[in-house]
Structure formats: structure tokens, C-alpha cells
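Q: Attaching a single structure in C-alpha cells format; questions to follow.
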Amino acid sequence: ADRFALIDHELLDAARALPDFTVTAQSLPLVRARPPLPIAPSPAPQPQFRTIPGPKGAPDVRIMVIDGTGGKPDSPAYLHMHGGGFVGGRVDQHPAPFQALAAACGCLIVSVDYRLAPEARFPGALEDNYAALRWLHGHAAELGIDPKRIAIGGESAGGGHAAMLAIAARDRGEFPIAFQVLIYPMLDDRTGSAVSTPPHVGRFVWNAASNRFGWSALLGQAPGLKTVPAGSVPARVENLAGLPPAFIAVGGLDLFVGEDIAYAGRLNAAGVPVELLVVPGAYHAFDALAPNARVTKQFRAASVAALKRGLGVV
């Protein structure tokens, strides 16, 4: 079957240009060597980098801060986690969209340079992200933000990290989170191992073999086993009640589409308000690869609108 047959016509050129690539221990240095994309010039809010205290007994954590509040007191904040399959990615890989997002929402964005697997297995990255949440709450007054209006989110593995953080924050009961934005989130280690996927999904950008590598790197065990460390796999957490309201968006051809739809259904069943957007004909990370496509513009507009609602921005 033609693997391009179901792709949205505006996403075809980008798909055809993609190399056939699987993330493995051998290809990981290539993944990590990708240079960051350029920063948008002023008047866009400029990223600043700083270091905050890390988890107990662990290194300090580097963060990227983009202040789109214009100095308004009691502004909202968005705590962001980057993608990269748990094993790659960097805090400054796509600064321009977040500069635009900070300005559009009038919010402070903090993106976390969490530790990567396999060097840091679960819960290393979770504790780094939790340290950033603690820092945001603890410094809300000096940052000019309202601690009741802190949303969290991310793309791909970052969406998985955000879902893990929402669960940990609920369970620990220390720092409230207002909203979660999960963009094609990586939520279930069983996808592509214990659970097979339809042949037309996961053909581009992130495939089942890459998924097995990413999850095994994070968990320190083969993906899809009967048990996993508590809180490490959002899709396996039995009780989802009491989590923050969520926005979940994913392409219909993304490897994660099944697990993301299932998670949205479980959140809804648990009484958590959730909005689910499934984009037909779209593969993983299509918005980064085809930024000017009509579906990308709609996808981004829906994501921004959801974040604004979640932050109470009118």
C-alpha cells in the first residue's frame, strides 16, 4: 500500500523529504547533535537562561524563561517540557514558537532542560520538572505570576513528561496545576510492543522501534512488561480522577494516536474536563515540519485557544 496515501496534501512534501530514521543507541548521538533553530528577533520576547535548584541530591536544573507578560502583575505561567523521545531534544530547540506563544497568551513560559534517558532513568526527568514547578510556585511573587494560573505541557515525550508531572503533583498535593496541554503526547510504553498499531500509523518521524528504544531507555526495562515503576507511564496509572483539565491534540497517522484517544477517554470517564483534537492525515510532529500548512495553522490556533482558556486569559 502507498504509505503516502492518507497524508493531508499540504503535508506530503515534508513527508516525502523525511529520511527513514529509527532512534537507536547507535543513532542517538545524531539525534542529540541537531542544532537549535534560530531565536525570533525583538520585539518578540527574548529567551533567557538560568539555573534553579534541582531535586534533592541531584544537579541544578537549567531552564529557558520567556517573559511575555509585559510586566503585568498576577500574570499566568506555562511550564513547558520539550520533546525528544525521552532520550533527546533540548530546551532551546524551537524557541520562536514559544516566543510567539508567550506574547499571544501574555504569560511567562518556563521550559525545563530536564535530564535525558538512558543516562538518567525514571524518575530523574520527572523530579527535574517537579523542581521547576516548585521553583515557579516559590518565586511567583517576584516573577509577577499568579500561582493559581500555572499550566503545564509539552510535545511528544514532553507531553508524556507533562502528564507524569500532573499525576505526581496531584499525588503529592503540594503545588496546584491549573491545566495541561498535551501535544501528541507519549503516554504508553505498550504501543509498538505489547500493543500493535494499525499499519498506516507511526510510519513517519517516530516509529514503533524508536518508541521501544525511548521507553526502554526511560524505564530501564523492556517496554510492555506486566509492571512498570509507579507513576512512570501515564496510560498505566489506574486512577486519573482529580487531574487538571486537559487539551490533547494528535495527528491521525501519529504512532501515539490510539494511546492519546484512549487517555482522553479515560480522563473524561474520571470526570476530568478534556478537549481532544485529532487531525486527519497528519503524522508525528507535522506542525514543526510543515509550519505553513493549513492544518498546522488550525492545530496551533486550537492549542493556543485551549491554553488561553486553561490560563483564564481573555
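The values are calculated or read from the model by the stated rules, or taken from the named source; none is laboratory data. Treat the numbers as computed from the prediction; the structure is a model and nothing was measured. Cβ: placed from backbone, ideal geometry, glycine included. Neighbour counts: every protein chain shown. For the accessible areas, the whole protein counts, side chains as well, though only heavy atoms, and no ligand, DNA or RNA atoms are used. Shrake-Rupley method; radii C 1.70, N 1.55, O 1.52, S 1.80 Å.
Q: Quick check on this structure: which one of Ala131, Ala162, Ala141 is in a helix (DSSP H, G or I) and free of Cβ contacts under 8 Å to residues at least 12 places away in the same chain?
A: On inspection, the qualifying residue turns out to be Ala141.
Q: Can you find a residue in the stretch 75-96 that is in contact with a strand residue (DSSP E or B) (Cβ under 7 Å, 6 or more places away or on another chain), open to solvent by 20 Å² or more (accessible area, probe 1.4 Å) and on the phi < 0 side of the Ramachandran plot?
A: If we filter the stretch 75-96 for residues that are in contact with a strand residue (DSSP E or B) (Cβ under 7 Å, 6 or more places away or on another chain), which is where we start, we get 75-83, 91-92.
Subsequent filtering for residues that are open to solvent by 20 Å² or more (accessible area, probe 1.4 Å) retains 92.
Okay, now just the ones that are also on the phi < 0 side of the Ramachandran plot, so 92.
Yes - at least one qualifying residue is present in the stretch 75-96.
Q: Does any residue in the stretch 6-17 that is more than 10 Å from Arg294 (Cβ to Cβ) come within less than 7 Å, Cβ to Cβ, of a residue that is open to solvent by 70 Å² or more (accessible area, probe 1.4 Å) six or more places away or on a different chain, and which pairs are these?
A: Matching pairs, first to second residue: Leu6/His200; Ala14/Leu289.
Q: Before we move on, is Val250 open to solvent by 20 Å² or more (accessible area, probe 1.4 Å), among the hydrophobic types (A, V, I, L, M, F, W, C), modelled with pLDDT of 95 or more and within 20 Å of the chain's Cα centre (by Cα)?
A: Details: open to solvent by 20 Å² or more (accessible area, probe 1.4 Å): no; among the hydrophobic types (A, V, I, L, M, F, W, C): yes; modelled with pLDDT of 95 or more: yes; within 20 Å of the chain's Cα centre (by Cα): yes.
Spelling it out, it is not the case that Val250 is open to solvent by 20 Å² or more (accessible area, probe 1.4 Å), among the hydrophobic types (A, V, I, L, M, F, W, C), modelled with pLDDT of 95 or more and within 20 Å of the chain's Cα centre (by Cα).
Q: Looking only at strands (runs of 3 or more DSSP E) that lie completely in the stretch 1-87, which have at least 2 residues being charged (D, E, K, R)?
A: Numbers: elements: 48-52, 61-67, 75-81.
It comes to 61-67.
Q: Which condition number does Gln46 fail, the rest of (1) free of Cβ contacts under 8 Å to residues at least 60 places away in the same chain; (2) closer than 24 Å to Asp189 by Cβ being met?
A: (2)
Q: Can you list residue pairs whose Cβ atoms sit under 6 Å apart, with the first residue in the stretch 177-200 being more than 14 Å from Tyr263 (Cβ to Cβ) and the second being open to solvent by 20 Å² or more (accessible area, probe 1.4 Å) and among the hydrophobic types (A, V, I, L, M, F, W, C)? Count only pairs 6 or more apart in sequence or on different chains.
A: Once the first residue is more than 14 Å from Tyr263 (Cβ to Cβ) and sits in the stretch 177-200, its partners that are open to solvent by 20 Å² or more (accessible area, probe 1.4 Å) and among the hydrophobic types (A, V, I, L, M, F, W, C) give Gly192/Ala208; His200/Leu6.
Q: Tell me, please, whether a residue that is under 16 Å from the mean Cα position of the chain (by Cα), of a type in the set (Asp, Glu) and either modelled with pLDDT of 95 or more or open to solvent by 10 Å² or more (accessible area, probe 1.4 Å) (or both) can be found in the stretch 235-243.
A: If we filter the stretch 235-243 for residues that are under 16 Å from the mean Cα position of the chain (by Cα), which is where we start, we get 235.
Right, trim to of a type in the set (Asp, Glu) and you get none.
The answer is no; no qualifying residue exists.
Q: Let me ask another. Would you mind finding the one in Ser216, Ser196 that is open to solvent by 10 Å² or more (accessible area, probe 1.4 Å), on the phi < 0 side of the Ramachandran plot and at pLDDT below 95?
A: Details: Ser216 fails: at pLDDT below 95.
Answer to the selection: Ser196.
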